[in-house]
Each structure stands twice: as structure tokens, then as C-alpha cells.
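The values are calculated or read from the model by the stated rules, or taken from the named source; none is laboratory data. On a predicted model such as this, the values are computed, not experimentally measured, just so you know. Here the Cβ positions follow ideal geometry from the backbone for every residue, glycine too, while neighbour counts run over all protein chains shown.
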Amino acid sequence: MNYMRTGILLAGLTGLFMAVGYLIGGGTGAVIALVVAAATNLFSYWNADKLVLSMHNAQEIDERSAPELVAIVRELTQRAGLPMPRIYLMDSPQPNAFATGRNPQHAAVCATTGLLSTLSRDEVAGVIGHELGRVRNHDTLTMTITATIAGAISMLAQFGMFFGGRRDNDSGLGVVGSLLMLILAPLAAMIVQMAISRSREYAADNLGARISGRPDALASALIKISRVAEAVPNDTAEAHPTTAPLFIVSRLSGRGMDNLFSTHPSTENRVAALDKLSREMGLGDFGEARPVASKHGSGPLG
């Protein structure tokens, strides 16, 4: 059901892009918009991971520089039946993480320094499991395409405003229509992008919890990350807001309900879904998912 919903939303986003092209240049404009979208997505398919990692100044690490994190990723990739991804570290006090790459064979997982200093080993494993769930579900590619089309719609709408829109007379309706397009097209694209993001977050939570075997640890991590993210900004993410849906938690998440304008489901809803999954897995009810202690030690990773 999630895949069908995502496909429908992606189709709607592409249709919106073509509609904006049509408003600017008629049938020819729609065709040009489709060609531009295809070319942009092709570029993103091959280069998105490099672009995103560069935006966030992420540095690749290995067993010498971060042995415990590498060990966690290796253990979980083996459980998930995935190739070993490249591992990156992003210097940010906000605990967070994201995955990128066009497919499991070319994937990268990035954690912040704040994640390693704030969470226990089991909680870090829950977060990494979530990101590997994104990789296995090919969400990294889906979200890249979504962000690319949404950004292109905004750019095209701005061009339409400058161009004056497609109008057949001098009544002034062309200018009004262009102004409405400038406002409504990017807004609609943003709403669709966020809907896709929220849908995929639930799927990644579910698969990530199954990979790590600890829904309670992932729920505990989400609660900790959400609390800290409210007070500690992620400066590079703020500078590149189109990448916000890639992170496991956004500081703009809604509270108590899935806000129409939030890139992620509310933490309460995600914890509730993980609580239900825990019961389905025969692990019992963990309620509000208090922080958990690791069997390898309760302190954060160094």
C-alpha cells in the first residue's frame, strides 16, 4: 500500500511539473518540462549521493577512525542481506542520520557526531537499521527524485512569473495566473514531497526495527533525537532545506499529529507504530519507550 501511495504521489508530482510547463508554453512547454525533468533525474540518479554528502561536509570513515560504528553497520547489513555501504560522519551537535545512494550497491550512510555522543549503542543500531531500511526499500532514490522534481517545479514557476505566463489576450489574466502559479505550484509540490517523505518514514521505521531486532531501541532513539533537535539546530540542513526529508528526524516535525507541512510523521505516531510492531514481533508492549540500556554498555559511542 505504501509503494502504491508513493507511486501515485510521484505521478502527481510529475503531472504538476508538466502542468506548470503547459501554463508557460502550452503543449510544447509541457513536453520541454518533461524532457527537463528526465534529464534532471538522470543527473541526480548518478550524482545525488556525492552532492548530498558534499552539502553536509560529511567525511568518510573506516574501522580505524570509528571502529564501533563500522562494526554496528557491518552487523546490521549482514542481517539485512545488503552490501556494506560507505560510512560517513557529519560534524554536527544535533543527533541525526541519513542515507543516500541510487541503489544498495552504491549506498552511503551518514551519522552526525551528535548521534554518537547522545545515544546508546542499541539506540544507534536502531537508527542505522532505519537508514538501512531506507536503502533496502530504495527510498534513497525515491526521495532524491522527489526533491529534484519539487525543486524544479519551484524553479519553473519562478521562470513562468518572469516570462509572464501563457496568455492569449491582454486582459491581465496572464499576469494574475502567473502570480498564482508562482505561489501555488511550489506549495503543492512541497505538500506532495512531504506526503511521500512521511509515507516512507513509516516503512523505514518498520523495516529498520526488524533489522535491528529492537523496536524499543529505535523508539527510544527517536524520542531522544526529537527532544534534542528542538534545541540544537542542524545548520547545514537549514542551509539546504530540500535535504530535510533525508534525515531520520526533522526539527520541523509536527506534534501529536502528522502535520500537513511537516517532512516527517510526528514522533508520537512513529513510537505508537513501533509499539504495535513490538507486540507483533512477540517482544511485548514498551509504552512510551523510555531510553534503553545496551547489553554492551549504556553509554554513548565515542
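Among the residues of the range 82-94, how many are free of Cβ contacts under 8 Å to residues at least 40 places away in the same chain and either in a loop (DSSP other than H, G, I, E, B) or out of contact with any strand residue (DSSP E or B) (no Cβ under 9 Å at 6 or more places or on another chain) (or both)? Full working, then the answer.
Of all residues in the range 82-94, those free of Cβ contacts under 8 Å to residues at least 40 places away in the same chain come to 83-84, 86-89, 91.
From what's left, either in a loop (DSSP other than H, G, I, E, B) or out of contact with any strand residue (DSSP E or B) (no Cβ under 9 Å at 6 or more places or on another chain) (or both): 83-84, 91.
Final tally of qualifying residues: 3.
To keep it simple, each residue is scored yes or no on (1) touching a strand residue (DSSP E or B) at 6+ places or on another chain (Cβ under 8 Å); (2) at pLDDT 95 or above; (3) in a helix (DSSP H, G or I).
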| site | (1), (2), (3) |
| --- | --- |
| A38 | no, no, yes |
| Y45 | no, no, yes |
| K50 | no, no, yes |
| R102 | no, no, no |
| V109 | yes, yes, no |
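Quick check on this structure: which one of R166, R121, R136 is modelled with pLDDT under 90, surrounded by fewer than 24 Cβ atoms within 10 Å (Cβ to Cβ) and of a type outside the set (D, E)? Spell out how you get there, then give the answer.
On the way: R121 fails: modelled with pLDDT under 90; R136 fails: modelled with pLDDT under 90.
When all the criteria are applied, what remains is R166.
Only residues that are under 29 Å from S212 (Cα atoms) and polar (S, T, N, Q): list them for the range 41-71, please.
Listed by number, the residues that qualify are S54, N57, Q59, S65.
For S262, work out the one condition from (1) at pLDDT below 65; (2) of a type outside the set (A, V, I, L, M, F, W, C); (3) assigned to a helix (DSSP H, G or I) it doesn't fulfil.
(3)
Pull out all pairs, ordered by first then second residue, where Cβ-Cβ is under 9 Å, the residues are six or more apart or on different chains, the first lies in the range 144-157 and is farther than 11 Å from T14 by Cα and touching a residue at least 12 places away in the same chain (Cβ under 8 Å), and the second is of a type in the set (K, R) and outside any helix (DSSP H, G or I).
If the second residue must be of a type in the set (K, R) and outside any helix (DSSP H, G or I), the pairs left are T144/R102.
Tally up the residues in the range 42-92 that are crowded, with 18+ Cβ neighbours inside 10 Å and under 30 Å from A152 (Cβ atoms), please.
Residues that pass the stated criteria total 12.
Based on this model, can you work out whether R102 counts as charged (D, E, K, R) and within 22 Å of the chain's Cα centre (by Cα)? Give the derivation first.
Details: charged (D, E, K, R): yes; within 22 Å of the chain's Cα centre (by Cα): yes.
Answer is yes for this residue.
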